[in-house]
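This report refers to the structure that appears directly beneath it.
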Amino acid sequence: MRINVVSDVHGADVALRRAADGADLFVCLGDLILFLDYDDPSQGIYTELFGEAHTRAYIDARTAGRFDDARVLSTEAWARRGVLDPNERWGILSGQVRGQYERLFEAMPTPALMTFGNVDIPDLWPEYVKPGHRVIDGATVTEGGVRMGFVGGGMASPMRTPYELTGEQYAEKVAALGPVDVLFTHIPPRVPELTYDTVARRFEFGNATLLEYIRDVQPAFHLFGHVHQPLRSRMRIGRTECINVGHFHSTGRPFVLNA
Ligand SMILES: [Mn+2]
């Protein structure tokens, strides 16, 4: 069975339309929305709302780990738009997010097995999924005799992205899977080579429970995304081949797994 897998779509709807070409099964591991484009600050929701100069300064602050400075920049930018109460931000942001979801779900191949990235808003998905889109998070499906487990979302972080979980919440979802042949998640196991981003020059969040699960269950494959430019895009842990499927927003190409 040929499985085409994408992750970190971040707005790339044109390439997404063709991402299932030639596949028996199509899988999307989340991060559909583009809030901030670290490589190209001229696009994304923040740039549409606040302009490119603000977005560059905001990205610089976050990249340097100056999260307090980033928050001050953000508060100032909202104030320039007349939004002083942080609770009012979502009303404006949600319009932009909904526009992107409309475009991306329209381009999303069908059928598709999907889970959430950390930059996704699970509550909005039911409004946009098409017939043939199956959203799976903390559960398994069997296709062509291959048992597949899915765990979506990221870990609580200073980046405060929309779908972040505590270690306990994440572990609960992993524990619900039982044994699988192929594990699909948005984030990698907590292994330095797989979590270090060589361009952002920082460790992204991996998950320790995933590493325990791999050592314990030894699925044939673990496929994930999240780290856009990883130090290593694949490595073997015991019998499990761990593979970062790549930053679809940059490559426009799915990872092809023969399972
Ligand atoms: Mn991403």
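The values are calculated or read from the model by the stated rules, or taken from the named source; none is laboratory data. Because the structure is a prediction, the values reported are computed rather than measured. Cβ sites come from the backbone with ideal geometry, for glycine too, and all protein chains shown count toward neighbours.
Is at least one residue of segment 144-156 within 16 Å of the ligand (Cβ to nearest atom), over 21 Å from residue 20 (Cα atoms) and not aliphatic (A, V, I, L, M)? So far as segment 144-156 goes, yes, one or more of its residues are within 16 Å of the ligand (Cβ to nearest atom), over 21 Å from residue 20 (Cα atoms) and not aliphatic (A, V, I, L, M). As a summary of the residue check, residue 173 satisfies the conditions (1) within 16 Å of the ligand (Cβ to nearest atom); (2) in contact with an Asp or Glu (Cβ under 9 Å, 6 or more places away or on another chain) except for the one numbered (1).
Among residues of segment 1-29 that are farther than 17 Å from residue 39 by Cβ and among the small types (Gly, Ala, Ser), those with a beta-carbon under 9 Å from a residue that is away from the ligand (no atom under 15 Å from the Cβ) and assigned to a helix (DSSP H, G or I) at least six positions away or on a different chain give the pairs 19/107. Contact map, segment 210-233: first residue closer than 18 Å to residue 152 by Cβ and outside any loop (DSSP other than H, G, I, E, B), second residue among the hydroxyl-bearing types (Ser, Thr, Tyr) and within 16 Å of the ligand (Cβ to nearest atom), Cβ cut-off under 6 Å, separation 6 or more or different chains; pairs are 224/185. The residue list 239, 234 contains one member that is away from the ligand (no atom under 16 Å from the Cβ), out of contact with any strand residue (DSSP E or B) (no Cβ under 9 Å at 6 or more places or on another chain) and of a type outside the set (Asp, Glu), which is 239.
Within segment 1-82, which helices (runs of 4 or more DSSP H) (wholly inside it) include 3 or more residues that are within 16 Å of the ligand (Cβ to nearest atom)?
Working: elements: 13-16, 45-50, 52-63, 67-80.
Of the helices (runs of 4 or more DSSP H) lying wholly inside segment 1-82, those with at least 3 residues that are within 16 Å of the ligand (Cβ to nearest atom) span 13-16, 52-63.
Residues in segment 110-128 that are away from the ligand (no atom under 15 Å from the Cβ) and not in a loop (DSSP other than H, G, I, E, B): 112, 113, 122, 123, 124, 125, 126, 127. For segment 20-46, a residue qualifies if it is modelled with pLDDT under 95 and surrounded by fewer than 22 Cβ atoms within 10 Å (Cβ to Cβ), and the qualifying residues are 35, 36, 37, 38, 39, 40, 41, 42, 43, 45.
Given the options 167, 238, name the one that is surrounded by fewer than 19 Cβ atoms within 10 Å (Cβ to Cβ) and over 30 Å from residue 68 (Cα atoms).
Values: 167 fails: over 30 Å from residue 68 (Cα atoms).
Exactly one of 167, 238 is surrounded by fewer than 19 Cβ atoms within 10 Å (Cβ to Cβ) and over 30 Å from residue 68 (Cα atoms), namely 238.
For segment 197-241, filtered to residues that are of a type in the set (Gly, Ala, Ser) and within 18 Å of the chain's Cα centre (by Cα), the residue that is modelled with the lowest pLDDT is 200.
Looking across segment 102-160, the residues that are surrounded by 15 or more Cβ atoms within 10 Å (Cβ to Cβ) and hydroxyl-bearing (Ser, Thr, Tyr) come down to 115, 128, 140. Here residue 95 passes the criteria (1) modelled with pLDDT of 95 or more; (2) surrounded by fewer than 20 Cβ atoms within 10 Å (Cβ to Cβ) except the one numbered (1).
May I ask you to verify whether residue 60 is of a type outside the set (Ser, Thr, Tyr), under 25 Å from residue 187 (Cα atoms) and buried (at least 16 other Cβ atoms within 10 Å of the Cβ)?
Numbers: of a type outside the set (Ser, Thr, Tyr): yes; under 25 Å from residue 187 (Cα atoms): yes; buried (at least 16 other Cβ atoms within 10 Å of the Cβ): no.
Answer is no for this residue.
Can you confirm whether residue 159 is of a type in the set (A, V, I, L, M), assigned to a strand (DSSP E or B) and touching a residue at least 12 places away in the same chain (Cβ under 8 Å)? Here the answer is no, as residue 159 does not meet what is asked. Residue 253 meets the conditions (1) among the charged types (D, E, K, R); (2) more than 14 Å from the ligand (Cβ to nearest atom); (3) within 13 Å of the chain's Cα centre (by Cα) in every case but one. The failed one is (3).
Can you name the residue in segment 175-196 that is assigned to a helix (DSSP H, G or I) and either surrounded by fewer than 19 Cβ atoms within 10 Å (Cβ to Cβ) or without any contact (Cβ under 8 Å) to a residue 12 or more places away in the chain (or both) and, of all such residues, is farthest from the chain's Cα centre (by Cα)?
Taking segment 175-196 as the starting set, the residues that turn out to be assigned to a helix (DSSP H, G or I) are 175, 192-195.
Now narrow it down to the ones that are either surrounded by fewer than 19 Cβ atoms within 10 Å (Cβ to Cβ) or without any contact (Cβ under 8 Å) to a residue 12 or more places away in the chain (or both): 175, 192-193.
On the way: 175: 21, 192: 19, 193: 18 Å.
Among those residues, the one meeting the criterion is 175.
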